[in-house]
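Report on the structure given below.
The values are calculated or read from the model by the stated rules, or taken from the named source; none is laboratory data. The model shown is predicted, which means the values in this text are computed figures rather than measured ones. Here the Cβ positions follow ideal geometry from the backbone for every residue, glycine too, while neighbour counts run over all protein chains shown. For accessibility, only protein heavy atoms count, side chains too; no ligands or nucleic acids. Shrake-Rupley method; radii C 1.70, N 1.55, O 1.52, S 1.80 Å.
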Amino acid sequence: MCKSRCVSQIESRATPPTSEEVVQLQAVTLFPKEMTPMDRADIDKLRELPIEGVAERLGLNVKRHHCLCPFHGDRTPSLSFSVKRNTYRCWSCSARGDPIDLVRNYLNKSFVEACQWLADENAIIISEYKPEKTMTQPTKFHADFYSFLIGNLPLGSLAQDFLFNDRKYNHDVVSRLDIKSVECSGRRLLDFLRQRFTEEQLQEYGIVSGQADRKHCFFWSPCLLIPYFSVDGSLEGIQSRYLGTRMRFNTAEAQAKHDAIAAKAPRFQFSPGSHPMIFNLPVLKDLKPDEELWITEGVSDCIGVMSSGRKAIAIPSATLLTSKNKVLLASAPTRNWHIAPDQDQAGETLFQAIEATANETGAKLTRHQLPEGCKDFSEYWKRR
Ligand SMILES: [Zn+2]
């Protein structure tokens, strides 16, 4: 009788029992102290209990399908769960198995005892287990939202110090490019946005990322937000530039704590849904035939070249000269192209790609050599 109730309880997991029912079920489905024979179907059902739910019931802290391995002295989560196969595996000590194995090994029980434990716990496991939702990155760039964001952000003091004192960029150039900064915490930025947008919208726009209980802003802050516009001036993407490495704290302890986090931050991020594109495309519109067009690698060099009074566009990086970008380059009204390649392999790769495009489209490409010791134009401009 116990056995059949146990099975029916497992079968009822499509509709999780209420907490009251769980207590009742627990009371009636406990196996008697002596061993109860189980048939294969029962055991198979126990094997189908969600592995991560079983791990959580055992007290393991599962995050992103991983946890600290309880079978060896683990410091970084090396035990991973396969939701598809319903198994676990440790990449350090090679512990592996199904839900029954996990209970056996973790609680040091026999096979039958482990099955009993799972049968007793299964209602709780089923009702408490919430599969982690993996947020998918949007494939579409939400221009209206990001226009609102750019329109409502200032150019803060950290950004001004970086752009004008450190990089020596021209004020008019920076203001024309509509560069802004986030200098509050990501959490505060999200709180501000939540006054106007729903949680679902913010997720759809990709500005919120992370798991349900640990949501955070997509962009690492503090950062610059650099808008990318089409030739016609419509917003096509945002690139962030992390500024956290420039923050200074009063105590060595606070500084060390911050630096450890800052070291993990990506220097550049592209807004969700935006695709590799050319920076400062609107300049193509007012270029006269035969007027100089400078082609740079990355936004920093581009703003440096623009600050020197030249007209420039930027390819985000040497590896991002897509066929779409080549078409855009070829559509430039001028055939008078200039480049001062970065003094490294990536710079050389970009030069060759631009040179090939110039040859195909009949443009004249002039190569400029940066002074000794300047790795890129931005550095040359800063030092001059
Ligand atoms: Zn292990």
_Rounded to whole Å, give me the distance from the Cα center of the range 329-371 to that of the range 218-257._
29
*In terms of modelled amide H atoms, which long-range or inter-chain residues lie less than 5 Å from the amide H of GLY237?*
TYR228
*Quick one: which residues, 5 or more positions from ASN170 or on another chain, have an amide H under 5 Å from its amide H? H modelled 1.01 Å from N in the peptide plane, none for Pro or chain starts.*
SER307
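Can you sort GLU113, GLU297 by 1.4 Å-probe accessible area, starting with the largest? Don't jump to the answer; show the numbers that get you there.
Details: GLU113 75, GLU297 40 Å².
Order by accessible area, largest first: GLU113, GLU297.
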*Within straight-line cross-link reach of LYS109, aspartates and glutamates at Cα separation under 16 Å, skipping those fewer than 8 residues along the same chain*: GLU34, ASP98, ASP101, ASP120, GLU121
*Please state, as a whole number in µm²/s, the translational diffusion coefficient that the Stokes-Einstein equation yields for the range 136-274 at 20 °C and 1.002 mPa s, with Rh defined as the Kirkwood radius across alpha carbon pairs.*
135
_Using DSSP to call loops (not H, G, I, E or B), can you name the chymotrypsin sites (Phe, Trp or Tyr not before Pro) in the range 178-276 whose Cβ has at most 16 other Cβ atoms within 10 angstrom?_
PHE249
*Please report the relative contact order for the range 276-384, taking Cα pairs under 8 Å with a sequence separation of at least 6, and give it as a percent rounded to a whole number.*
29
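Ignoring any ligand, DNA or RNA, what whole percent of the accessible area of the chain comes from carbon and sulfur when the probe is 1.4 angstrom?
Values: 10330 of 20400 Å².
Here it works out to 51 percent.
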*In whole Hz, what ³J(HN,Hα) sequence does the range 89-105 give by Karplus (6.51, -1.76, 1.60; θ = phi - 60°), x for Gly and Pro?*
7, 9, 7, 9, 10, 6, 5, 7, x, 9, x, 5, 4, 4, 5, 4, 6
*Pairwise centroid distance, computed over Cα atoms, of the range 94-108 with the range 175-204, Å*: 45
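Share of antiparallel DSSP beta bridges in the chain, in percent to the nearest 5? Write down the numbers at each step before the final one.
On the way: 25 of 35 bridges.
Percent antiparallel among DSSP bridges in the chain is about 70.
May I ask you to rank THR139, THR87, THR334 by accessible area, largest first, using a 1.4 Å probe over the protein chains only? Walk me through the intermediate numbers first.
On the way: THR139 120, THR87 40, THR334 0 Å².
So the residues, ranked largest to smallest area, are THR139, THR87, THR334.
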*State, as an integer percentage, the relative contact order of the range 136-274 based on alpha-carbon contacts under 8 Å between residues 6 or more apart.*
29
*How much accessible area per residue does the chain have, in Å², with a 1.4 Å probe?*
53
*Under the Karplus relation 6.51 cos²θ - 1.76 cosθ + 1.60, θ = phi - 60°, what is the ordered set of whole-Hz ³J(HN,Hα) values for the range 339-344, x standing for Gly and Pro?*
8, 10, x, 4, 7, 8
_Percentage relative contact order, the chain, counting C-alpha pairs under 8 Å, at least six apart_ = 11
*So what's the chain giving for Cα Rg divided by 2.2 N^0.38 Å, two decimals?*
1.38
_Using each residue's phi in the range 178-186, evaluate 6.51 cos²θ - 1.76 cosθ + 1.60 at θ = phi - 60° and report the 3J(HN,Hα) Karplus result to the nearest Hz, with x for Gly and Pro._
6, 6, 10, 9, 10, 10, 9, 6, x
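Please compare each pair in LYS130/LYS264; LYS326/LYS382; LYS215/LYS264; LYS63/LYS84; LYS168/LYS285 to a cut-off of 22 Å on the Cα-Cα distance and tell me which ones are over it. Write out the running numbers ahead of the final one.
Working: LYS130/LYS264 29 Å; LYS326/LYS382 30 Å; LYS215/LYS264 18 Å; LYS63/LYS84 16 Å; LYS168/LYS285 27 Å.
From the list (LYS130/LYS264; LYS326/LYS382; LYS215/LYS264; LYS63/LYS84; LYS168/LYS285), the Cα-Cα distance tops 22 Å for LYS130/LYS264; LYS326/LYS382; LYS168/LYS285.
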